[in-house]
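*Asks:* Below is the structure I would like to discuss, written out as C-alpha cells.
The values are calculated or read from the model by the stated rules, or taken from the named source; none is laboratory data. Note that the structure is a prediction, hence the values are computed from the model and not measured. As a convention, Cβ positions derive from the backbone with ideal geometry for all residues, glycine included, and neighbour counts pool all protein chains shown.
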Number of protein chains: 4
Amino acid sequence: MKVSVIGATGYAGAELLRILNNHPAAEVVHITSESHAGEPISDIYPHLKGIYDQKLISMKEIDMIGKDSDFVFIGLPHGHAMTVGKALENTPCRIIDLGADYRFDDTSVYEAWYKVEHTHKDAPRVYGLAELYRDRIKNAKIIGNAGCYTTASILALAPLAKNHLIDVDTIVIDAKSGVSGAGRSAKQANHFPELYDSFKAYGVATHRHTPEIEQAIADLSGEKTVLNFTPHLVPMSRGILSSCYAKLKPGVAAEQVTEAFEEMYGDEYFIRLLGLGGYPATKNVRGSNFCDLGWHVDPRTGRVIVLSVIDNLVKGAAGQAVQNFNIAAGLDEKTGLTMAPMYP
Amino acid sequence: MKVSVIGATGYAGAELLRILNNHPAAEVVHITSESHAGEPISDIYPHLKGIYDQKLISMKEIDMIGKDSDFVFIGLPHGHAMTVGKALENTPCRIIDLGADYRFDDTSVYEAWYKVEHTHKDAPRVYGLAELYRDRIKNAKIIGNAGCYTTASILALAPLAKNHLIDVDTIVIDAKSGVSGAGRSAKQANHFPELYDSFKAYGVATHRHTPEIEQAIADLSGEKTVLNFTPHLVPMSRGILSSCYAKLKPGVAAEQVTEAFEEMYGDEYFIRLLGLGGYPATKNVRGSNFCDLGWHVDPRTGRVIVLSVIDNLVKGAAGQAVQNFNIAAGLDEKTGLTMAPMYP
Amino acid sequence: MKVSVIGATGYAGAELLRILNNHPAAEVVHITSESHAGEPISDIYPHLKGIYDQKLISMKEIDMIGKDSDFVFIGLPHGHAMTVGKALENTPCRIIDLGADYRFDDTSVYEAWYKVEHTHKDAPRVYGLAELYRDRIKNAKIIGNAGCYTTASILALAPLAKNHLIDVDTIVIDAKSGVSGAGRSAKQANHFPELYDSFKAYGVATHRHTPEIEQAIADLSGEKTVLNFTPHLVPMSRGILSSCYAKLKPGVAAEQVTEAFEEMYGDEYFIRLLGLGGYPATKNVRGSNFCDLGWHVDPRTGRVIVLSVIDNLVKGAAGQAVQNFNIAAGLDEKTGLTMAPMYP
Amino acid sequence: MKVSVIGATGYAGAELLRILNNHPAAEVVHITSESHAGEPISDIYPHLKGIYDQKLISMKEIDMIGKDSDFVFIGLPHGHAMTVGKALENTPCRIIDLGADYRFDDTSVYEAWYKVEHTHKDAPRVYGLAELYRDRIKNAKIIGNAGCYTTASILALAPLAKNHLIDVDTIVIDAKSGVSGAGRSAKQANHFPELYDSFKAYGVATHRHTPEIEQAIADLSGEKTVLNFTPHLVPMSRGILSSCYAKLKPGVAAEQVTEAFEEMYGDEYFIRLLGLGGYPATKNVRGSNFCDLGWHVDPRTGRVIVLSVIDNLVKGAAGQAVQNFNIAAGLDEKTGLTMAPMYP
C-alpha cells in the first residue's frame, strides 16, 4: 500500500512516520509541509535521520499525491482537511484525517464548537474509533480519526453507556495530558520553564473534545448527553489519563460493571483490562497503541470511577490512524502496531 | 517564642525549618528524629548547611523538649502524635500537629479510615484551617493542622457550601499532587524512572483525606456529606491542584458564585482570587503560603467547577502550621510567611 | 534605599522582585518593560499577584527613574544597558547591570565575542563578583554583575588559580544549566516536549561566558588564559553545575587544594565548602544565594576536579545583584539574602 | 533461535524483552528472577501485559535453561554472571552478558575496580562493542557486552585514538546519564523528589567504567591510557551524553578529524554522523540503537570536543546485546533493531 502524509511536521505526523517505518505493508511515498517544503524531514526531525531523509513537498501537489497514494493521512489543523478531502473526492485515494473535520455526524455541532464553516458536509465519512466502529471503517472513503482525549474517555465509558449502567447526565470527565498534545509550535505558555514543576487546567467547559465525547456516548446509550470535560496539562511529554465519574443506576453492582468491560473488550488486543480496582499509568502504554482500563465502584456515593490511559500520539493519534488504515486496507488490525510500550 | 520540631527529617519538617529560618519571632530549640538522632540535620538535608547545623535528638526527651518550648510542631506519621500530645498534656507547651491525629471531631471516623485506635479522644483540639476556624485556633492547646489535599479542596468549596449554592451530594473532587506529598521514604513506586513521564491515580474512593473534607463541608453546609475524592500523582516535586465539581442548585447564577468567593475571601491575604474563568497553576504558588482560586460555571450542565492550587508543603503543611502558630501566639498571621512564590 | 528595575519581565527581573520583596532596606519604585508598559506586572507574572501589582512603565522615562532611584538594576539583553548607563552618567543614581555590557575591562574582548560596538568604553565600572572584588564594588558607579555560568566556574577555580596550583592552559569547564538560563522568550528549541527527557550541549568553543571566565582566571593567576568552556542544557528549570578540570602543578597535594579553598572562602557566608570528595547538587542551593563547592584530586591523572553549583537566577543573577547592592549601599552583605534553599 | 534472559526484572532485562518482542528470529523461552520467581513478568512490569505474561523462574534451573536455549542473555549485577558462565561452560549455549564480568582482557583490572575476585579468568570471551570488534564477536562463546557510558565514550574517541590524532593523556570525559542507568532498585538518593529539578555528579575519578574506556583507547591507540571520566545524573529517565575533550596533536586540522569519523563510521547503520559542529541530543536516539556523534575543533585551545549520545538502555545495554546476538547468530546485524527513536 502506498501512503502519503499531509502535514508531516507536526508531532502526530512525525509519530506516524515512526510507526510506518516498521509497518510491513505500507510504503511512504509523499510527505508534505507548507513551511518546510523542499527540506528533508530529517532536518526538521533529526531523530529520523537515516530512516526518513526524503524531502517534504507542498500540499499544492495534491493531485500528484492523490494519484500516487492508496491512502492519505492528514495531520493538519482543523479546517484544512476539508480542502484535501474535496480535492480527492473523485479519486480512488482514501483518507484518514487525524483532525476534527470529519469526526461529526452533525456538522452544525462542528461549526458551533470550532467556529469554522464546514465546507464538506456531505462527505462520505465515518468516525474512526476502531473498537466501536470497526465495521463502518472497513469500506469508508474518509475516516475521521478519533481525538486523543476522546479516545481515552469514550473507551472508558462505552461499556457503561451501552449497557445503561450509568446516568449519562452525571458524567464528569477529568482528563490530563502530556504537553505533546498541545502540538509542536512554540508558545510562551508551553515554554519549558513555565511548565516544569507546574500543573494546571485549561479549556474548562469549552474544550472542543467535549461534543465528540457526547456524540459517542449518546450514540451508545441512545440518550442525549451533555457532560463536563476538563483537560489539564501535565509536565511530561506523552500520555493521557482520563478519570471518568458517573452515578451508577440504582441497584447496579460492581460485578455488572466488570462484566460490561469484559464483554465489550475481552477480545480486543489493544485494550488491556486491569480490572476492578486497577490503576493504569500512562507510562505503561507509552509508545504503544494500548489503552489500559481500571474501574472502581464506590458504595458510599454510588459512583463508578473509570481510569483510562493511552499514549496521546499513538492510540490518541498516529497509532489509531494506522489501526484504521489496517482495517480499511483489509490487513490484520495489529499490523505494524505490536511494539511494546517503552518503559521506563 | 521557642519552638521545637518533633519529626524534623520528613519533607514537612524540613520545610518548617526553611520557613522558620526567616521567622522573626520564632527560635528553633530542639529538632528530633528517631533514625538520625545524634546527627546534624544538615547531614540529612545538605541544603540546610550553614542555616541549621544543630543535632537531632530523640523524642524520648519529650519532657525536656516540652519544658524548653512554647510550641511544639509534630511531623510524625499518623498514630504517633497522640503519644506526644498526651505526654505534654499537663504542660503549658502548645501543639501544632501536621498529621491526622487531631483533625477529627469524631474520633470514630478517624479510627474507621486510619485503622488505628485513637488514644487521646478527649484532647482539647481544633481543626487547623486558619481561614475557616481562626477564632478557635487562637487559644487552642492542640491544633490539628489541615491536610494538603484537604486544604486545597475545602478552600475551593467552602464559599459554595456555606452559602448553599451547590448540592453537596454531587461533589466530585479530582485532585493532583506532586510527589513530595508522598513523603521522603524511598519506595519502588516513587523511584525516579518509574514516575518520570508518567501519570496515575491512586487511592480511589479510599483516600484518608476524604472524611476530612466531608467533615468540613458538612460543618459549613449543615448537611451530611459524602463525596468522591480521587488523588493523582503528577511527575513533579511540589504542588496540588484540586478540580472540584458540583451541581449548582436550580437558579444559581455565576454572579452569586463569584460573590460568595469575594465575600468569604476578599480580605484574606493568603487566598488570591483569580475570578470567574480563572486558571490557577501550581507554579504560581510554589514555595509560598498562597492558595489561588479560579471558578467556572457551565450553563450546559449546570455545574460549577472550582480550581484550587497550593504548595502542598507550604499552605498544605508547614506554612499553614506557621500560620496557625502565628494566630495561636498572638502574632500577625502573616509573620514569616510573606515570601513570594518561586518562579520559574 | 529606592531601587528600580529596568527590564523587569525577564526571569532575572522577576527573580529580583521575589528577592527584593523580603529585603528590609529596599523599596521598589519603578519597574519597566517595553512590550508590556502600562500593564501590571502581576498580569505577566501571576505568581506576583498581591505582592507586586504595580504597573510597568517604559524605560523611555529613564530621567524620572533616575531621579527617583538610588540604585537601578538592569535586566536587559546585552547591548542595551550601555544606553541606560550613559543616560544616568551624570546623576547620583548607581547601576547594577545583570547583563554583559559592563563586565569586561577590555571592551575589545566584549566587541569580539558579542559582535556589538561598545559605546560606553570609559564607563566607571567594576566586575560584580562580590567574593573576589568586594572592595572595588563598594564605591562603584556601575557594577557589571557576573554571569551565571561564570560565577559558578570562577568561584570553583579561583583558589587554585590564585595560589598557582594548576596549569591554567589545561582548564576544561563542562557546565550544565537549567532552562531558565535561556530566558523567558518562547523558542522552538525550548518548547517543553522538545527538551523533556533530553539532554544536549550548545555553544561549544563559542559561548560568550568563555572570555569572562578567562578574564577572571588571568587576573587571579597573573597568566594569560585560554580555556574550554562547554555549556549544556538540563531538562530542569533552575540550577547550574560546573565541572572544572585542570592538571595540578607537579607535587601539589590534595591537602594544598583543600587549604586553598578554606583560606579563600572560610569566612564567606554564601560559599559552602563540601570539602575534598564533596558532591554538590543544584537542588541544595535552589532559590538561595549559596554556591556549594566540592573538590576531588585524581592521583592517577594528576588532575583536580572541582564541582560547583549555584541557582542560576539567584547567585547567578538576581541574588548576586542584591549582594552587590548591599555592598554598594553599605548594608550587611547578607541583607535580604538569607532565605534557605527550597527543597525538595 | 531460542533465547533466555537471566535477570529479567532489571531495566536492561525489561528493555531486552521490549526489543526481542519485535525480533523475527528470536523466541524467548525462559526468563528468571530470584526475588520474583513464580510470578508473571507482567505483574512486575505491567507495560508488558499481553506481550509477555509468562512466569519468571529461578536461575537455579540453569541446566534446563542452558539446554533449552541457543543464547542466554545475562542481566545480573557484576560478580554473578561468572557463575552462570561457568555453569554453561560445557554446553553449546552461548552467552551475552550485559554486566562487567566478561569485559576485561586483564581480570586483575576487573578485580582492582570491582573489588571482587574473578572466578572465571580463562573464559573464552570477547568485548562486545560491535562497531569495533565485530569479527571477534562472530564466533565467541561469551560476549561481554560493553557498558553504557563506555559505549558512548569509546565510539566518540575511537576514530581519534586509532588515527593518533590526539594525545591520549589529555582525555577528559564528562558524561551525563538519565536515572534508569542507576537501576530499578529504590534508593533514597533516587527518590523522585530528591532528583527532580536537580543535577549532580558522582563517582569522580572512581567510576568503574573508567578502566573499560581506558582498555579500549589503549587497544586502539597502542598507548597506555589513563584518563578522567566523570559521570553525572540528569533528572530524566533515559539517555547518555558524553562530552569528550582531548588536545589534538600539533598540526592536526579539523578536516582530518572529520575524515577519521567518516572513514571509520561511514558505513555503520547505527552510528549517525552529525559532522563538524554537530549537536546530538539524547532525545533523538531515545528508544533506538543509534549513536549520534558531533565534533568540534577549538583553534584557540587546540582541543577537539566530541559529543556522543545513546539511549543507555538500548545501544548502552539491551540493543547492543541484540546487535551482538545478531552477529553471533549469523543474522543481519540490524534484525529487530530498526525501530525509529521515539520523539518527543
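*Asks:* Counting only residues that are aliphatic (A, V, I, L, M) and more than 8 Å from chain C (Cβ to nearest Cβ), which one in the range B:39-50 is surrounded by the fewest Cβ atoms within 10 Å (Cβ to Cβ)?
*Replies:* Here the residue is B:44.
*Asks:* Okay, moving on. Restricting to the range A:240-278, count the residues that are assigned to a loop (DSSP other than H, G, I, E, B) and touching a Phe, Trp or Tyr at 6+ places or on another chain (Cβ under 6 Å).
*Replies:* 1
*Asks:* Would you please name the residue that is farthest from the other protein chains (Cβ to nearest Cβ), looking only at residues in the range B:224-239 that are in a loop (DSSP other than H, G, I, E, B) and not charged (D, E, K, R)?
*Replies:* B:225
*Asks:* Does the range D:151-173 contain at least one residue that is closer than 28 Å to residue C:299 by Cβ and charged (D, E, K, R)?
*Replies:* yes
*Asks:* Check whether at least one residue in the range A:51-69 is surrounded by fewer than 24 Cβ atoms within 10 Å (Cβ to Cβ), within 14 Å of chain D (Cβ to nearest Cβ) and not in a loop (DSSP other than H, G, I, E, B), and report yes or no.
*Replies:* No - not one qualifying residue is present in the range A:51-69.
*Asks:* Determine, yes or no, whether residue A:335 is among the hydroxyl-bearing types (Ser, Thr, Tyr) and touching a His at 6+ places or on another chain (Cβ under 8 Å).
*Replies:* When the stated conditions are applied, residue A:335 passes them.
*Asks:* A further question follows. Run residue D:41 past the list (1) within 26 Å of residue D:312 (Cβ to Cβ); (2) out of contact with any helix residue (DSSP H, G or I) (no Cβ under 9 Å at 6 or more places or on another chain); (3) not polar (S, T, N, Q) and report the number of the one that doesn't hold.
*Replies:* (2)
*Asks:* Look at the range D:99-119 and say how many of its residues are within 22 Å of residue D:7 (Cα to Cα) and surrounded by 13 or more Cβ atoms within 10 Å (Cβ to Cβ).
*Replies:* Counting residues in the range D:99-119 that are within 22 Å of residue D:7 (Cα to Cα) and surrounded by 13 or more Cβ atoms within 10 Å (Cβ to Cβ) gives 11.
*Asks:* Report, by residue number, each residue of the range A:121-130 that is buried (at least 21 other Cβ atoms within 10 Å of the Cβ) and not hydrophobic (A, V, I, L, M, F, W, C).
*Replies:* Within the range A:121-130, A:125, A:127, A:128 meet the criteria.
*Asks:* From the list C:144, C:79, C:85, which residue is crowded, with 24+ Cβ neighbours inside 10 Å and farther than 30 Å from residue D:204 by Cβ?
*Replies:* Numbers: C:79 fails: crowded, with 24+ Cβ neighbours inside 10 Å; C:85 fails: crowded, with 24+ Cβ neighbours inside 10 Å.
One residue alone meets the criteria, C:144.
*Asks:* Would a scan of the range C:206-223 turn up a residue that is touching a Lys or Arg at 6+ places or on another chain (Cβ under 6 Å), buried (at least 24 other Cβ atoms within 10 Å of the Cβ), at negative phi and within 10 Å of chain D (Cβ to nearest Cβ)?
*Replies:* no
*Asks:* Another question about this same structure. If you take the residues in the range A:140-196 that are in a strand (DSSP E or B), touching a residue at least 60 places away in the same chain (Cβ under 8 Å) and aliphatic (A, V, I, L, M), which one is nearest to the other protein chains (Cβ to nearest Cβ)?
*Replies:* If we take residues in the range A:140-196 being in a strand (DSSP E or B), touching a residue at least 60 places away in the same chain (Cβ under 8 Å) and aliphatic (A, V, I, L, M), then A:172 is nearest to the other protein chains (Cβ to nearest Cβ).
Here is a yes/no grid of residues against (1) closer than 27 Å to residue C:268 by Cβ; (2) assigned by TED's automatic domain parsing to the domain that holds residue B:76; (3) of a type outside the set (Phe, Trp, Tyr):
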residue: B:9; (1), (2), (3): no, yes, yes
residue: B:13; (1), (2), (3): no, yes, yes
residue: B:20; (1), (2), (3): yes, yes, yes
residue: B:24; (1), (2), (3): yes, yes, yes
residue: B:30; (1), (2), (3): no, yes, yes
residue: B:43; (1), (2), (3): yes, yes, yes
residue: B:47; (1), (2), (3): yes, yes, yes
residue: B:52; (1), (2), (3): yes, yes, no
residue: B:61; (1), (2), (3): no, yes, yes
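*Asks:* Next question, about the same structure. Looking at D:243, D:237, can you tell me which residue is of a type in the set (S, T, N, Q), crowded, with 23+ Cβ neighbours inside 10 Å and under 15 Å from residue D:301 (Cβ atoms)? Even if it seems obvious, please write down each step before you answer.
*Replies:* On the way: D:237 fails: under 15 Å from residue D:301 (Cβ atoms).
Checking each option against the conditions leaves just D:243.
*Asks:* I'm trying to understand the selection: among the residues of the range B:13-27, which are in a loop (DSSP other than H, G, I, E, B) and more than 11 Å from chain C (Cβ to nearest Cβ)?
*Replies:* B:23, B:25, B:26
*Asks:* Among the residues of the range D:292-309, is there at least one that is away from chain C (no Cβ under 14 Å) and touching a residue at least 60 places away in the same chain (Cβ under 8 Å)?
*Replies:* Checked the range D:292-309: no residue is away from chain C (no Cβ under 14 Å) and touching a residue at least 60 places away in the same chain (Cβ under 8 Å).
*Asks:* Which residues, counting only those in the range A:180-205, are touching a His at 6+ places or on another chain (Cβ under 8 Å) and either buried (at least 24 other Cβ atoms within 10 Å of the Cβ) or over 26 Å from residue A:13 (Cβ atoms) (or both)?
*Replies:* A:192, A:199, A:200, A:201, A:204, A:205
*Asks:* Okay, next question. Taking the range C:195-236, which residues are more than 26 Å from residue C:161 (Cα to Cα) and polar (S, T, N, Q)?
*Replies:* Within the range C:195-236, C:198 is the sole residue that qualifies.
*Asks:* Another question, if that's okay. Select, from C:84, C:109, the only residue that is in a helix (DSSP H, G or I) and over 17 Å from residue C:321 (Cβ atoms).
*Replies:* C:109
*Asks:* Hey, among D:80, D:36, D:30, which residue is within 14 Å of another protein chain (Cβ to nearest Cβ) and at pLDDT 95 or above?
*Replies:* D:36
*Asks:* For the range A:240-249, which residues satisfy the criterion of being small (Gly, Ala, Ser) and either farther than 22 Å from residue B:199 by Cβ or more than 9 Å from every other protein chain (Cβ to nearest Cβ) (or both)?
*Replies:* Listed by number, the residues that qualify are A:242, A:246.
*Asks:* Among the residues of the range B:286-344, which ones are hydroxyl-bearing (Ser, Thr, Tyr) and surrounded by 22 or more Cβ atoms within 10 Å (Cβ to Cβ)?
*Replies:* B:288, B:308, B:343
*Asks:* Report yes if residue C:327 is in the same structural domain as residue C:156 (by TED's automatic domain parsing) and either closer than 23 Å to residue C:266 by Cβ or outside any loop (DSSP other than H, G, I, E, B) (or both), otherwise no.
*Replies:* no
*Asks:* Which of the residues that make up the range A:162-178 are buried (at least 24 other Cβ atoms within 10 Å of the Cβ) and either under 20 Å from residue A:215 (Cβ atoms) or of a type outside the set (Lys, Arg) (or both)?
*Replies:* As a first pass, look at the range A:162-178 and keep what is buried (at least 24 other Cβ atoms within 10 Å of the Cβ): A:166, A:171-178.
Passing the criteria: A:166, A:171, A:172, A:173, A:174, A:175, A:177, A:178.
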